1. Name the single residue, out of those in the stretch 100-111 being part of a helix (DSSP H, G or I) and free of Cβ contacts under 8 Å to residues at least 60 places away in the same chain, that is farthest from residue 25 (Cα to Cα).
2. Restricting to the stretch 70-99, give me the number of residues that are without any contact (Cβ under 8 Å) to a residue 40 or more places away in the chain, surrounded by 13 or more Cβ atoms within 10 Å (Cβ to Cβ) and under 29 Å from residue 42 (Cα atoms).
3. Give 62, 50, 69, 82 a once-over and let me know the one that is touching a strand residue (DSSP E or B) at 6+ places or on another chain (Cβ under 7 Å) and farther than 25 Å from residue 25 by Cα.
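Derivation of every value follows stated rules applied to the coordinates shown; laboratory data play no part. For clarity, every value in this text was computed on a predicted model and none was experimentally measured. Note that we place each Cβ from the backbone using ideal geometry, even for glycine, and neighbour counts take in every protein chain shown.
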């Protein structure tokens, strides 16, 4: 379906949902205008409640912020220190798991749902 308008693609996808979900599950997509690169956002709602949020900009901000917070909590702030190195990098893995558990994904993961 290359080149298909979003409204038609959205309708085509939502029409494939089973009858019990057709009016309950909605998919959304928008592109925000940005000076250098446009920022896109995808999200899925069930009964109006957002269950999946895919936004690269929001992901990057949350991911690095949470990893930094975890490194501070665990006192693993210096990757060059052999005693802190494992904890430093583990913070990235833990941050990703936490965000995914909250239904927040980077845009490159959206196709893997």
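1. Within the stretch 100-111, the subset part of a helix (DSSP H, G or I) is 100-101, 107-111.
Add one more test, that the residue is free of Cβ contacts under 8 Å to residues at least 60 places away in the same chain, and what stays is 100-101, 108-109, 111.
On the way: 100: 20, 101: 19, 108: 22, 109: 20, 111: 17 Å.
Step by step, filter the stretch 100-111, then rank; the result is 108.
2. Selection size over the stretch 70-99: 9.
3. Working: 50 fails: farther than 25 Å from residue 25 by Cα; 69 fails: touching a strand residue (DSSP E or B) at 6+ places or on another chain (Cβ under 7 Å); 82 fails: touching a strand residue (DSSP E or B) at 6+ places or on another chain (Cβ under 7 Å).
Going through 62, 50, 69, 82 in turn, just one is touching a strand residue (DSSP E or B) at 6+ places or on another chain (Cβ under 7 Å) and farther than 25 Å from residue 25 by Cα: 62.
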